[in-house]
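Novice: Below you will find the structure I want to go over with you.
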Amino acid sequence: MGKNKGKRSHTKHVFVQKKYRDALFRRIFNEKSVLLELYNALNQTDYDDADELIFYTIDDVIYLRYKNDVSFIVRGTLNLYEHQSTLNPNMPIRGLIYFGKQYESYIKQNNLNIYGKKLLSLPFPQFVIFYNGIEPLENDKDYMELHLSDAFICAESNHLTTNAAPRQPVVTTDMPVSDIDVPDSAAQNTSSPISTRPCLECTARVYNINYGHNQELMARCRTLEEYSILIGRISSKVRNGIPLEPAADAAVQECIRDGILQDFLTKHRSEVVGMLLEEFDMDEYIKMERRDSYADGHVDGLAMGLAEGKRLEQLHVVHNMFQKNIPAENCADLLDEDIAFINHVYSLCQMHADWSDEDLYHVLKEK
């Protein structure tokens with residue numbers, strides 16, 4: 001394959017920003033050598049010429065929101081990589097539209113004749129989503145698939161019925177993207193009831209990249225593993241009540257010290273922290289902390305009733321923020337709670353460092 005150094009293809013639409021992880025993910029993997037490392041890890045290949053990789057991106061799209069995606073062609077494959085912190089079941093629909101526009105652009109750029117008698121050669125599509133949201137994938141698995149055909153309306157209204165059961169999302173452990181079943185020509189030419197064979201399909205392959213998942217994939221791509229560690233450390237600190245700026249800065253410093261994304265973070269430290277401060281939504285972590293705490297409080301406090309359980313989980317959050325040296329004013333603001341109440345809880349925590357959440361609850365209940 002010939003050299004394509006510096007070559008970058010584009011289609012043209014309108015941009016909408018998404019959450020910080022997407023921007024940071026794209027920023028890290030926007031370097032050809034790093035992106036090729038990720039491609040090799042997914043496909044278990046060993047390509048070493050980064051100049052073979054051609055970025056093939058949508059510049060700005062408002063209705064598709066694809067600005068933060070990574071799209072590229074290498075060795076006859078058209079790849080769309082996207083990072084998400086919230087799993088979206090409609091990604092195959094977006095993928096269908098995206099790939100349609102990309103192929104349209106590819107055909108025009110290469111002067112291909114779709115009306116001719118010769119079968120055209122198009123790059124093989126691969127759609128991969130890297131997910132590290134709070135909610136686990138089904139059964140806490142490492143990998144799952146989303147299919148466009150799951151969105152299709154049943155054809156019963158057109159008197160086209162089928163006995164086939166609706167397909168559920170495929171959930172497995174780590175599976176390389178290269179494991180793609182391509183039916184042979186005989187199978188493709190075998191007739192079947194029209195209602196069981198939609199003429200369109202798009203499969204989004206979802207990899208859980210929260211730290212601890214997909215360890216074989218992480219071992220093949222050290223950059224992805226280090227990205228996972230960085231995000232995990234930031235998320236853990238924020239969930240434990242540390243405000244975003246010190247949480248992000250501390251996590252970045254720790255990673256630099258531990259040799260994690262060391263070169264990238266040393267060079268772009270202020271830029272990384274700035275992206276986090278601008279785009280990170282702390283509410284998700286406060287909600288998760290409240291939910292997790294409530295679950296514990298509800299189990300321990302079933303006899304107390306729902307109101308008592310909620311109070312116990314609230315005290316757990318306040319107690320945790322006190323232990324993390326979060327100022328009372330910040331705690332009150334984050335929890336939308338009265339400052340006088342927070343100050344009172346903080347004073348009890350100060351005087352009784354060995355008290356548990358239940359101790360705080362019982363003392364406050366008596367007053």
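Novice: Which of the residues that make up segment 74-85 are open to solvent by 20 Å² or more (accessible area, probe 1.4 Å) and modelled with pLDDT of 90 or more?
Specialist: Taking segment 74-85 first, the residues open to solvent by 20 Å² or more (accessible area, probe 1.4 Å) are 75-76, 85.
Result: ARG75, GLY76.
Novice: Considering only segment 341-351, state which residues are more than 23 Å from PRO246 (Cα to Cα), open to solvent by less than 60 Å² (accessible area, probe 1.4 Å) and of a type outside the set (Phe, Trp, Tyr).
Specialist: Correct list: VAL345, SER347, LEU348.
Novice: Looking at (1) within 25 Å of LEU265 (Cα to Cα); (2) modelled with pLDDT under 95; (3) open to solvent by less than 80 Å² (accessible area, probe 1.4 Å), which one does LEU42 not meet, given that it meets all the others?
Specialist: Just one mismatch for LEU42, condition (2).
Novice: Same structure, new question: So, of the residues in segment 43-57 that are of a type outside the set (Gly, Ala, Ser) and more than 16 Å from PRO123 (Cβ to Cβ), which turns out to be nearest to the chain's Cα centre (by Cα)?
Specialist: Initial filter on segment 43-57 (of a type outside the set (Gly, Ala, Ser)): 43-49, 51-57.
Cutting the leftovers down to more than 16 Å from PRO123 (Cβ to Cβ) gives us 44, 46, 48-49, 51.
On the way: GLN44: 22, ASP46: 26, ASP48: 27, ASP49: 28, ASP51: 27 Å.
Looking at residues that are of a type outside the set (Gly, Ala, Ser) and more than 16 Å from PRO123 (Cβ to Cβ), I get GLN44.
Novice: Go through (1) exposed (fewer than 14 other Cβ atoms within 10 Å of the Cβ); (2) of a type in the set (Asp, Glu); (3) more than 30 Å from VAL34 (Cβ to Cβ); (4) modelled with pLDDT under 80 and name the single condition GLU278 misses.
Specialist: (3)
Novice: Still on this structure, I have one more. What are the pairs with Cβ atoms under 7 angstrom where one residue, in segment 319-345, is of a type in the set (Phe, Trp, Tyr) and the other, located anywhere, is assigned to a helix (DSSP H, G or I) and open to solvent by less than 70 Å² (accessible area, probe 1.4 Å)? Sequence gap at least six, or different chains.
Specialist: PHE322/TYR346; PHE322/CYS349
Novice: Filter segment 336-352 down to the residues that are outside any helix (DSSP H, G or I) and touching a helix residue (DSSP H, G or I) at 6+ places or on another chain (Cβ under 9 Å) and list them by number.
Specialist: GLU337, ASP338, HIS352
Novice: ILE229 passes all but one of (1) part of a helix (DSSP H, G or I); (2) at positive phi; (3) not aromatic (Phe, Trp, Tyr); which number fails?
Specialist: (2)
Novice: Would you pick out the residues in segment 145-167 that are modelled with pLDDT of 90 or more and either within 30 Å of SER236 (Cβ to Cβ) or open to solvent by 30 Å² or more (accessible area, probe 1.4 Å) (or both)?
Specialist: Within segment 145-167, GLU145, LEU146, ASP150, ALA151, PHE152 meet the criteria.
Novice: Let me ask something else. Name the pairs whose Cβ atoms lie under 9 Å apart, with the first residue in segment 115-144 and surrounded by 18 or more Cβ atoms within 10 Å (Cβ to Cβ), the second in a loop (DSSP other than H, G, I, E, B) and of a type in the set (Asp, Glu), and 6 or more positions between them or separate chains?
Specialist: From residues that are surrounded by 18 or more Cβ atoms within 10 Å (Cβ to Cβ), the pairs are ASP142/ASP174; TYR143/ASP174.
The values are calculated or read from the model by the stated rules, or taken from the named source; none is laboratory data. Since the structure is predicted, the reported quantities are computational estimates derived from the model, not experimental observations. Cβ sites come from the backbone with ideal geometry, for glycine too, and all protein chains shown count toward neighbours. Only protein heavy atoms, including side chains, enter the accessible area calculation; ligands, DNA and RNA are left aside. Shrake-Rupley method; radii C 1.70, N 1.55, O 1.52, S 1.80 Å.
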